[in-house]
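> The structure under discussion is supplied below as structure tokens; questions concerning it will follow.
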Amino acid sequence: MPANLTPEFIAARQRFNQAKSDEERLDALQEMLATIPKHKGTEKMQADLRRRLAKLKERTEQRRKSGKSGGPSYHVDPEGAAQIVIVGPPNSGKSSLVARLTNAKTEVAPYPMSTFWPVPGMMHYQDIQIQLVDLPPITPEHTEGWVFSAVRTADAVALCWNLADEGTPQVMEQLLDILAQRHIRLTGERSKDVDWRTVQRRTLIVATHLDVDEHRSAQAEEWAGDRFPVVGVSTDTGEGLDDCRRCLFELGDVVRVYSKKPGEEADTDQPYTLKAGSTVQDVVKHIHRDFVDKLRFVRLWGSSKFDGQHAPLDHQVQDGDIVEIHLS
Ligand SMILES: Nc1nc2c(ncn2[C@@H]2O[C@H](COP(=O)(O)OP(=O)(O)OP(=O)(O)O)[C@@H](O)[C@H]2O)c(=O)[nH]1
Ligand SMILES: [Mg+2]
């Protein structure tokens, strides 16, 4: 069967061949894997790409661990309930946001292009933590390949909109185009109407500089329409930051489930966090792989008026549910 390689795949392969660093190679390989037509005729090529990708990842990881990279690592190991990358044009307040919401020491500066590598920090939200990753800006002039890899591998995106700059709507259109060229689509809600090469990332617009130009929030809201949710913040006065934390938690698309032993109170110290849409069976598996085989039934408190009744294994759990697992 002919492979029928697409122009996008061929362009990515060319980028791979011309890449000067492992980070660029990694990004090009990921793009090749995303754009290779998925059919029997390309199965061997797909397997080969996966093998190369795994090797390259291992090599960069080893280099990072041994500290021989000669520079910072561009890969951020995911931690916490979800990983959200902070994306935006230069000087839009990305680093300020991460600095205000987490413990990270990231460079904030009154001039553009001040962030060069990813800086992760953990944001507390009630009883869980969400990882925020500060990134360099995305511009038409120059954005390194690894930045796109970071967006692809994250769970979701916070897109910084600078309310103090009236040119932001045009800059944002440009930014969405740059990402689309790399087959990344930012979206409020995941859509089925997207071609198989494209990766979708749920996105929240964080409108910064609320203290400088509050009335321009309307411009951001109008631009976003029903495409994206918007939250306004000032990293200077702190206005809107609590709302922003809640919106970022919702963006992370996780549910917290608590467990309890029969006859005891629920353990509310340490929730299990799972992807939204997970079922009772997923929870059981998550708590312990072996539990599924030994499972007799699960009692559930919380969602859909469950109040200790037996829950069907395919029932979708909600944030805050409590499970009591009975094994044979
Ligand atoms: N008044 C006010 N200033 C802000 C706000 N957010 C960011 N700034 C200022 O805007 C400038 C740029 O902020 P950064 O956080 O460095 O922006 P950035 O998007 O990380 O910039 P690059 O990494 O260069 O792309 C700094 O002088 C910040 O103090 C805000 O909400 N209100
Ligand atoms: Mg920055």
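> Determine the calculated [θ] at 222 nm for the chain from helices alone, applying -39500 (n - 2.57) to every DSSP H run no shorter than 4 residues and normalising by the residue count; nearest 500 deg cm²/dmol.
On the way: 10 runs with 113 residues, N = 328.
Dividing the helical sum by the residues of the chain leaves -10500 deg cm²/dmol.
> Using a Gaussian network model on the chain with a 10 Å cutoff between Cα atoms, which of 236, 195, 22 fluctuates the most?
195
> Under a 1.4 angstrom probe, counting protein chains only, how are 123, 113 ranked by accessible area, largest first?
Listed by decreasing accessible area, they come as 113, 123.
> Along the Cα-to-C-beta direction of residue 264, a point sits 7 Å from the Cα; which residues of the range 303-326 have their amide N less than 17 Å from that point?
It comes to 322-326, nothing else.
> Per residue, how much accessible area does the chain show when a 1.4 Å probe rolls over the protein heavy atoms, in square angstrom?
With the other protein chains kept in place, the chain gives 52 Å² per residue.
> Next question. What is the distance, in nm, between label points placed 7 Å from the Cα along the Cα-to-Cβ direction at residue 310 and at residue 242?
So the two model labels end up 4.4 nm from each other.
> Which GluC sites (Glu not before Pro) in the range 40-146 pass both tests, a DSSP loop state and at most 10 other beta-carbon atoms within 10 Å? Can you show the working numbers first?
Details: sites: 43, 58, 61, 79, 107, 141, 144; in loops: 79, 107, 141, 144.
Of the GluC sites (Glu not before Pro), the ones in loops of the range 40-146 whose Cβ has at most 10 other Cβ atoms within 10 Å are 141.
> Now for a separate question. What number, in percent, do you get for the relative contact order of the range 255-327 if the mean sequence gap of Cα pairs under 8 Å and at least 6 apart is divided by its residue count?
42
> Which part of the range 25-49 falls in the paramagnetic zone of residue 19, meaning amide N under 19 Å from the point 7 Å along Cα-to-beta-carbon?
Within reach of a label on residue 19: 25-37, 45-49.
> Sticking with this one: Cα-Cα over 29 Å: which of 20/44; 260/305; 94/305?
Pairs exceeding the cut-off: 94/305.
> Here's a follow-up. Express in nm, to one decimal, how much length is gained between residue 215 and residue 62 on full extension, taking 0.36 nm for each residue of separation and deducting their alpha carbon distance. Spell out each step's value before the answer.
Working: separation 153, 0.36 × 153 = 55.08 nm, distance 4.96 nm.
Stretched out fully, the residue 215 to residue 62 stretch lengthens by 50.1 nm.
> Apply 1/(1 + (r/R0)^6) to the Cβ-Cβ distance of residue 38 and residue 193, taking R0 = 22 Å, and write down the FRET efficiency to the nearest 0.05.
After rounding, the FRET efficiency stands at 0.75.
> Determine the distance separating the Cα centre of the range 132-184 from the Cα centre of the range 10-48; give it in Å without decimals.
22
> If you don't mind, there's one more thing I want to ask. What percentage of the solvent-accessible surface of the chain, computed with a 1.4 Å probe over protein heavy atoms, is contributed by carbon and sulfur atoms?
Of all accessible area on the chain, carbon and sulfur atoms account for 48 percent.
> Still on this structure: So how far, in whole Å, is the C-alpha centre of the range 229-277 from the one of the range 282-328?
20
The values are calculated or read from the model by the stated rules, or taken from the named source; none is laboratory data. Quick caveat: nothing in here was measured; it's all calculated off a predicted structure. All Cβ positions, glycine included, derive from the backbone under ideal geometry; neighbour counts span all protein chains shown. Surface accessibility is based on the protein's heavy atoms, side chains included, excluding ligands, DNA and RNA. Shrake-Rupley method; radii C 1.70, N 1.55, O 1.52, S 1.80 Å.
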